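Before any comments, here is the structure.
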Amino acid sequence: MAKTAVVILNYNGVDYLRLFLPTVVKYSQEADVIVADNGSTDASLDYLRENHPDLRLIAFEKNYGFTGGYNRAIEQIDHTYCVLLNSDIEVTPGWIHPIINFMDHDTQISACQPKIKAFHDKQYFEYAGAAGGFIDSLSYPYCRGRIFDTLEKDMGQYDQNLEIFWATGAAMFVRTEDYKKLGGLDEDFFAHMEEIDLCWRMQLSGKQIYCIPESVVYHVGGGTLAKSNARKTYYNFRNNLSMLFKNEGILDLIWKLPLRMGLDWLSAIKFWKDNSAEHFWAVLKAHRDFIMRLPYNINKRKSITRLPGVSTRIKRQGFLPYLYFVKKIRHFSEF
């Protein structure tokens, strides 16, 4: 058995499998490539059985979402490392070795990501991860190479290995033992923000997250839900509040949670003014469901391992909306 398992979670993505799976197999010879199918109703299973009969296939009877699908798949895997790889990713030669070699030398590193670039414009970073993820003081996520919707052109400016706050779920290398020990991805999230929540919990337990830009992949993006989809807005707002509630220190949570919820209302009003009624209601539904699930999140918060004196290893500072919309900062290097 190889040390590393590349796990592709698929749901009705036969076109992506046809386009990208052969390259994943070609450039992942040092790993076992595994496809976990989330109850697809398209031709995915037929394609895999006919064209890749040598690959391990884990087939679920229904769609468990990104979180549930990966948790159930990784539970069946005993490799030292797992790579959570989206089906819409094009990998490059030698993409696995730099990261596994880096993690082999330090067991405190629980997760890593490669440099994520845009498949449709390969000069630019891609939204979901770029050169490593961070969050600001109020838990708004951003990336080295992507702030809100502004993407930077990759000119080698972020080619240094760097400790980050979160690694993208599009191509996330995890130490399997740590993943299982921490309970994996929060299945109540279903999709969106779940990798940030996991990385936050990793750090609270004393572990570290890195971006290794020597490894490069290209991401199509928007394969699960497009940005224009109100369901994506719902998940982003609901899950961000859940993540903040579960992981933030209690003294900070007291003032940060109501402030964040107030800022969400401002976003909802802006959606309404922009004639985006679906997104307006998505924010309200996200708040309703967050409040209804508070008892569950209280129990989750209590169960999270927090080493004495450890809040997060990565310093969080600044207020991203102010930096972006008022100070007009568009590049990570300007922080």
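Once the convex hull of all Cα atoms in the range 179-284 is built, its volume per residue stands at 137 Å³. Measuring between alpha carbons in the structure, the pairs from Lys180/Lys300; Lys115/Lys232; Lys270/Lys327; Lys26/Lys153 lying more than 18 angstrom apart are Lys115/Lys232; Lys270/Lys327; Lys26/Lys153. Projecting the Cα atoms of Ile304, Ile250, Met292 onto the charge dipole of the range 230-304, computed from C-beta unit charges around the Cα centre, puts Ile304 farthest toward the positive end. Each eigenvalue of the Cα gyration tensor of the chain, multiplied by 5 and square-rooted, gives one semi-axis; in descending order these are 30, 22, 21 Å. Between the listed residues Ser87, Ala131, Ile109, the Cα displaced farthest toward the positive end of the dipole of the range 10-135, a dipole computed from Cβ unit charges relative to the Cα centre, is found at Ala131.
Taking the Cα centre of the range 4-219 as origin and assigning +1 to Lys and Arg Cβ atoms and -1 to Asp and Glu Cβ atoms, the resulting dipole is close to 200 debye.
Taking the Cβ-Cβ separation of His331 and Thr107 as r and a Förster radius of 30 Å, what is the calculated FRET efficiency to the nearest 0.05?
On the way: r = 34 Å, r/R0 = 1.13.
Once the sixth-power term is evaluated, E becomes 0.30.
Here, the range 230-304 has an Rg and a Dmax of 12.9, 42 Å when only alpha carbons are counted.
Annotation: peptides 229-237, 138-146, 286-294, ranked by per-residue average of other Cβ atoms within 10 Å with the highest first, follow the order 138-146, 229-237, 286-294. For every helix of n ≥ 4 consecutive DSSP H residues, a contribution of -39,500 (n - 2.57) applies; sum these over the chain, divide by its total residues, and give [θ] at 222 nm rounded to the nearest 500 deg cm²/dmol. Dividing the helical sum by the residues of the chain leaves -11500 deg cm²/dmol. Ranked by how many other Cβ atoms sit within 10 Å of their own Cβ, fewest first, the residues Phe134, Phe332 fall in the order Phe332, Phe134. Secondary structure note: in the chain, about 45% of the DSSP beta bridges are antiparallel. The angle separating the long axis of helix 65-75 from the principal Cα axis of greatest extent in the chain is about 50 degrees.
Values in this text are rule-based calculations from the coordinates and carry no lab data. Values in this document were obtained by computation on a predicted structure and should not be read as measured data. Here Cβ is always computed from backbone atoms with ideal geometry, including for glycine, and neighbour counts include all displayed protein chains.
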